[in-house]
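Asks: After the structure tokens below, expect a handful of questions from me.
The values are calculated or read from the model by the stated rules, or taken from the named source; none is laboratory data. Predicted, not measured: the structure shown is a model, and the values here were computed from it. Glycine gets a Cβ as well: all are built from the backbone with ideal geometry, and neighbour counts include every protein chain shown. With ligands, DNA and RNA removed, areas are computed over all heavy atoms of the protein, side chains included. Shrake-Rupley method; radii C 1.70, N 1.55, O 1.52, S 1.80 Å.
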Amino acid sequence: MARKEPRIEDVNEKDIQVESRPKEWAAGLPAVYHSMKPAIEQMGLARALGTTFRMNQKHGFDCPSCAWPDPKDRSPFEYCEEGVKAVTWEATPVVISSDFWAEHSLTELRDRTEYWLGMQGRLTEPLYKPAGEDHYRPVGWDEALDIVARRLKSLDSPHEAAFYTSGRTSNEAAFLYQLFVRAYGTNNLPDCSNMCHESSGWAMGQTIGIGKATVTYEDFGQADLIILMGQNPGTNHPRMLTALENCKRNGGSIVAVNPLPEAGLKRYKNPQKPRGIAGKGTELADQFLQIRLGGDMALLQAISKRVFEAEEKNPGTVLDHEFLEKHCEGLEDLKEHLSFLDDDEVLEATGLRAEEIDELAERYLKAEKVIITWAMGITQQKKGVATIKEIINLLLLRGNIGKPGAGAAPIRGHSNVQGDRTMGIWEQMPGTFLDALGKEFSFDPPREHGADAVETFHRMQDGRIKFFMALGGNLISAISDTQLAEEAMKKTDMSVQISIKLNRSHLVTGKEALILPVLGRTEIDIQETGRQFVSVEDTVCVVHASHGGVDPVSPNLLSEPALVARLGARVIGDRIDADWAGFEKDYDLIRDSISRVVEGCEDYNERIRHEGGFVLPNGPRDSRTFRTPTGKAVLTVNDLEAVQRPEGTLLLQSMRSHDQWNTTIYGHNDRYRGIKGGRHVLFMNAGDITELGLADGQYVDIHGVHHDGVERVLRSFRVVSYPTPKGCVAAYYPEANVLVPMDHVAEGSNTPVSKTVLVRVEAAAGAGAEDKMRRTPAPA
Ligand SMILES: Nc1nc2c(c(=O)[nH]1)N[C@H]1C(S)=C(S)[C@@H](COP(=O)(O)OP(=O)(O)OC[C@H]3O[C@@H](n4cnc5c(=O)[nH]c(N)nc54)[C@H](O)[C@@H]3O)O[C@H]1N2
Ligand SMILES: Nc1nc2c(c(=O)[nH]1)N[C@H]1C(S)=C(S)[C@@H](COP(=O)(O)OP(=O)(O)OC[C@H]3O[C@@H](n4cnc5c(=O)[nH]c(N)nc54)[C@H](O)[C@@H]3O)O[C@H]1N2
Ligand code: SF4
Ligand SMILES: [Mo]
């Protein structure tokens, strides 16, 4: 394939433009247009159509973007703007040439933005940076893998290595990877989920015995009420709006709880339907509760308290007594605890009016079938685990788990983050899984829990972790406390990135560093026994196949399973009973092992070939069985703790723009929020702007407020007057990670608290709009 020269200018944020009002509706015609234009320009029409029309089809590939499920009856257009952007970014024919690495030093590349790095094109050859050097150089596959194997064999203990996974990895690659890591001798398997839905996993595991959604796709259309908390589906799960539209069309109602009036929460123009393209679209949210950051736990307790009060007034008619008696424990304790809930404290924490809370309570009491969905606005909070336990409490009180149209729905991020966990990517897999793994491959897997993402950086900092490998992702940008994280990574002896495109994690490295380039999900994967497919699990536990559809950008790429199998052969060899060479040749062999090791995956090879795949068992959803110590769902008592905001400080949340995929930046607009041409913006309430003596459009510095002697500051952000609650500001992730202290984590899940960070905002020291050229995402 002819190499096209990328002509990518890095961004110049000299004039960020702001529309006067954020958009009130999401999707519709402009979304399709905006998405198709770059795809066609970069890929050429044939490749663009070849990818988009295969996306999410029964014999096509799974959209590599988010984990939203596919309906049973599919249209030829089962994709959205974000999916098209993800595919365009991945399947671009533009590649990085070999001479790039001699031309550019790491020091120089660290001044580039994530946008520019990603736009350089696909990585197509293994690269090695020896210790003490500032350039990568191309190496052959054998040499690259030998360097990694030698280093791993030289460590004093397997616990000196950590193996990260990002959630785009297939089930097959993930299963092999965790086998390789455990056979090597450690459970140090941090993953992106540690920073994402870990709080959901803990809260749900402890209360209902499973850390996954208890709903199906069809349930959304059958619900009387869907409450969306801390989630921006218009940007982050766009086709979820179709499911919400189904709910509305069937007479259901929708409530959104969010500090920001996000476009997709209000109105939806379905781009796949004529009325969506031409008409006004469907009104989605019937009620919008503009909550303060971190206020959800108080709101949920207040609603549950009103449920108990309604039951007092009309005994026997409000609670689902039959369900509670048969399936739950802890009712009386919860009732007693909530009776002490202080109404003023609730109003203060939520910033809502009592009538708004009453209205939501009434809606909840009127509805027979309720789904509560949530994402990062809930999980990335100090009280994230407790807040999700309150979601479960509220649902259980009226039997809203394990019946059609009702349930708990954590909406996952990465397209296969849930599958990776099912396959054993977790630093704390239960003994039953380890037993089965050991039996299948005749070895004794380590039992001691490993390091999660945050803990990995603590151990790098104090020298206990010396080797770091990442199967995908961009951990250095995704983790909190950028400066501290970068220092820690630089202390390691070796870092290895298995990637498809360049990002900052390739530039902030251990003393030695490697980049190992792999096939993307869109690409055809041919091994010795023929064309292979992989499999993934979506947010509602449907496991299905994904078949790459376009020619690889280079014949020199390995697939992820092949790469891990080769590492396994080199580092582990026949120390365990694994057919590494066979796994590379024929992924059916990997799936045979999966079917014997992973619960619910019996006959994997046969069932994965069914149209649409198969659904994993889910006790609460299928039969109201709860795998807790007592076999009952647990109503829990959680102590409310007000978020402290000393005078002169503000609470900052970090969130995604419409033009990004986590740390991957597609462009510099945030269409629905009215931002054009830049990312260094701080969304502020007009009252706060005035009180601080600032002005809309002014440039400010944002200082972290954390008393550990470390200076955390982001300079020259443009103030944008925005409808966010007083005291609550917002900026984009990953830039804002500079301000999130590494030890600012959720209780019980160790998830970085990226949504409620204490900051001080001051007029920018010196810098104005003029010198806002090409900013690095983080201090180097
Ligand atoms: N296009 C696109 N799609 C994506 C991603 C992407 O980057 N781009 N990322 C993927 C990943 S990995 C994930 S995890 C998901 C993330 O999906 P989201 O969770 O929707 O992502 P965020 O942008 O972090 O948005 C958080 C939302 O929570 C709100 N919020 C913040 N704090 C609070 C709070 O205290 N209470 C309440 N009620 N709301 C709050 C914010 O205003 C915002 O609307 O999206 C996935 N899909
Ligand atoms: N402040 C703040 N921090 C956050 C968050 C937040 O809301 N605020 N959100 C957190 C969340 S929810 C998450 S999930 C994490 C995300 O953390 P990560 O998953 O580590 O980050 P991503 O940006 O998704 O990773 C993108 C990189 O993955 C690589 N990649 C893409 N596709 C493939 C593939 O098919 N194979 C391989 N091997 N590599 C591939 C590309 O090189 C790309 O640069 O960030 C977390 N960090
Ligand atoms: S909703 Fe998510 S999975 Fe579906 S097409 Fe859009 S980005 Fe892809
Ligand atoms: Mo995520």
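Asks: Looking at 388, 371 in this structure, which one is over 27 Å from residue 471 (Cβ atoms), surrounded by 24 or more Cβ atoms within 10 Å (Cβ to Cβ), within 16 Å of ligand 4 (Cβ to nearest atom) and not assigned by TED's automatic domain parsing to the domain that holds residue 744? Break it down into steps so the answer makes sense when it comes.
Replies: Working: 371 fails: within 16 Å of ligand 4 (Cβ to nearest atom).
Sole residue among the options that is over 27 Å from residue 471 (Cβ atoms), surrounded by 24 or more Cβ atoms within 10 Å (Cβ to Cβ), within 16 Å of ligand 4 (Cβ to nearest atom) and not assigned by TED's automatic domain parsing to the domain that holds residue 744: 388.
Asks: Considering only the range 639-657, I want to know if a residue exists there that is within 19 Å of residue 402 (Cα to Cα) and either among the charged types (D, E, K, R) or within 16 Å of ligand 3 (Cβ to nearest atom) (or both). Please lay out each step first, then the result.
Replies: Restricting attention to the range 639-657, the residues satisfying the condition of being within 19 Å of residue 402 (Cα to Cα) are none.
No, every residue in the range 639-657 fails to be within 19 Å of residue 402 (Cα to Cα) and either among the charged types (D, E, K, R) or within 16 Å of ligand 3 (Cβ to nearest atom) (or both).
Asks: Of all the strands (runs of 3 or more DSSP E) wholly in the range 443-522, which have at least 3 residues that are acidic (Asp, Glu)?
Replies: Numbers: elements: 467-471, 494-499, 512-517.
Hits in the range 443-522: none.
Asks: In the range 325-333, is there at least one residue being at pLDDT 95 or above and closer than 23 Å to residue 252 by Cα? Walk me through it before giving the result.
Replies: Pass one, the range 325-333, residues at pLDDT 95 or above: 325-333.
Subsequent filtering for residues that are closer than 23 Å to residue 252 by Cα retains none.
No, there is no match, as no residue in the range 325-333 is at pLDDT 95 or above and closer than 23 Å to residue 252 by Cα.
Asks: Residues of the range 187-209 being open to solvent by less than 10 Å² (accessible area, probe 1.4 Å), away from ligand 1 (no atom under 16 Å from the Cβ) and touching a Ser or Thr at 6+ places or on another chain (Cβ under 8 Å), which ones?
Replies: Within the range 187-209, 188, 189, 207, 208 meet the criteria.
Asks: Identify, from the list 86, 149, the residue that is within 16 Å of ligand 4 (Cβ to nearest atom), outside any strand (DSSP E or B) and of a type outside the set (Lys, Arg).
Replies: Numbers: 149 fails: within 16 Å of ligand 4 (Cβ to nearest atom).
Only one candidate passes the filter, namely 86.
Asks: Which members of the range 528-563 meet the condition of being assigned to a loop (DSSP other than H, G, I, E, B) and of a type in the set (S, T, N, Q)?
Replies: Taking the range 528-563 as the starting set, the residues that turn out to be assigned to a loop (DSSP other than H, G, I, E, B) are 528-529, 533, 538-541, 547-549, 551-557, 559.
Correct list: 529, 539, 554, 556, 559.
Asks: Which one of these does residue 190 not meet: (1) over 24 Å from residue 290 (Cα atoms); (2) assigned by TED's automatic domain parsing to the domain that holds residue 376?
Replies: Status for residue 190: all satisfied but (2).
Asks: Turning to a different aspect of this structure: Among the numbered criteria (1) buried (at least 22 other Cβ atoms within 10 Å of the Cβ); (2) within 16 Å of ligand 3 (Cβ to nearest atom); (3) in contact (Cβ under 8 Å) with a residue 60 or more places away in the chain, which single criterion is violated by residue 217?
Replies: Residue 217 satisfies all of (1) buried (at least 22 other Cβ atoms within 10 Å of the Cβ); (2) within 16 Å of ligand 3 (Cβ to nearest atom); (3) in contact (Cβ under 8 Å) with a residue 60 or more places away in the chain except (1).
Asks: Hey, any hits in the range 379-387 for a residue that's within 16 Å of ligand 2 (Cβ to nearest atom) and touching a Lys or Arg at 6+ places or on another chain (Cβ under 6 Å)?
Replies: yes
Asks: Residues that are more than 15 Å from the chain's Cα centre (by Cα), more than 18 Å from residue 395 (Cα to Cα) and not acidic (Asp, Glu): list the helices (runs of 4 or more DSSP H) wholly contained in the range 159-229 that include at least 3 such residues.
Replies: Numbers: elements: 171-184, 198-208, 217-222.
Hits in the range 159-229: 171-184.
Asks: Condition test on residue 103, is it more than 29 Å from residue 533 (Cα to Cα), of a type outside the set (Phe, Trp, Tyr) and away from ligand 2 (no atom under 16 Å from the Cβ)?
Replies: Working: more than 29 Å from residue 533 (Cα to Cα): yes; of a type outside the set (Phe, Trp, Tyr): yes; away from ligand 2 (no atom under 16 Å from the Cβ): yes.
For residue 103, the condition - more than 29 Å from residue 533 (Cα to Cα), of a type outside the set (Phe, Trp, Tyr) and away from ligand 2 (no atom under 16 Å from the Cβ) - is met.
Asks: Something else now. Please list, ordered by first then second residue, the pairs with beta carbon atoms under 6 Å, 6 or more apart or interchain, first in the range 650-672 and within 16 Å of residue 477 (Cβ to Cβ), second more than 16 Å from ligand 4 (Cβ to nearest atom) and of a type in the set (Asp, Glu).
Replies: From residues that are within 16 Å of residue 477 (Cβ to Cβ), the pairs are 657/670; 663/114; 665/114; 666/659.
Asks: Hey, another quick one. Within the range 106-129, how many residues are more than 29 Å from the chain's Cα centre (by Cα) and open to solvent by less than 20 Å² (accessible area, probe 1.4 Å)?
Replies: Residues flagged as more than 29 Å from the chain's Cα centre (by Cα) and open to solvent by less than 20 Å² (accessible area, probe 1.4 Å) within the range 106-129 amount to 1.
Asks: Hey, another quick one. Could you check the range 598-636 and list, in sequence order, the residues that are open to solvent by less than 30 Å² (accessible area, probe 1.4 Å), hydroxyl-bearing (Ser, Thr, Tyr) and assigned to a loop (DSSP other than H, G, I, E, B)?
Replies: Residues satisfying the conditions are 628, 636.
Asks: From the list 616, 589, exactly one residue is touching a Gly at 6+ places or on another chain (Cβ under 8 Å), away from ligand 1 (no atom under 16 Å from the Cβ), touching a residue at least 12 places away in the same chain (Cβ under 8 Å) and not small (Gly, Ala, Ser). Which is it?
Replies: Values: 589 fails: touching a residue at least 12 places away in the same chain (Cβ under 8 Å).
The unique qualifying residue is 616.
Asks: Taking residue 124 and the conditions (1) farther than 18 Å from residue 570 by Cα; (2) among the β-branched types (Val, Ile, Thr); (3) within 16 Å of ligand 2 (Cβ to nearest atom); (4) in a helix (DSSP H, G or I), which numbered condition does it fall short on, given that it satisfies the others?
Replies: Among (1) farther than 18 Å from residue 570 by Cα; (2) among the β-branched types (Val, Ile, Thr); (3) within 16 Å of ligand 2 (Cβ to nearest atom); (4) in a helix (DSSP H, G or I), residue 124 violates only (4).
Asks: Output the number of the condition that residue 287 fails; it satisfies all remaining conditions of (1) more than 28 Å from residue 723 (Cβ to Cβ); (2) at pLDDT 95 or above.
Replies: (1)
Asks: Something else: With the condition kept exactly as written, say whether any residue in the range 161-168 is free of Cβ contacts under 8 Å to residues at least 60 places away in the same chain, open to solvent by 10 Å² or more (accessible area, probe 1.4 Å), charged (D, E, K, R) and assigned by TED's automatic domain parsing to the domain that holds residue 567.
Replies: Narrowing the range 161-168 to residues free of Cβ contacts under 8 Å to residues at least 60 places away in the same chain: none.
Checked the range 161-168: no residue is free of Cβ contacts under 8 Å to residues at least 60 places away in the same chain, open to solvent by 10 Å² or more (accessible area, probe 1.4 Å), charged (D, E, K, R) and assigned by TED's automatic domain parsing to the domain that holds residue 567.
For every residue, the table says whether it meets (1) of a type in the set (S, T, N, Q); (2) within 16 Å of ligand 1 (Cβ to nearest atom).
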{"position": "454", "(1), (2)": "no, no"}
{"position": "458", "(1), (2)": "no, no"}
{"position": "475", "(1), (2)": "no, yes"}
{"position": "481", "(1), (2)": "no, no"}
{"position": "495", "(1), (2)": "yes, no"}
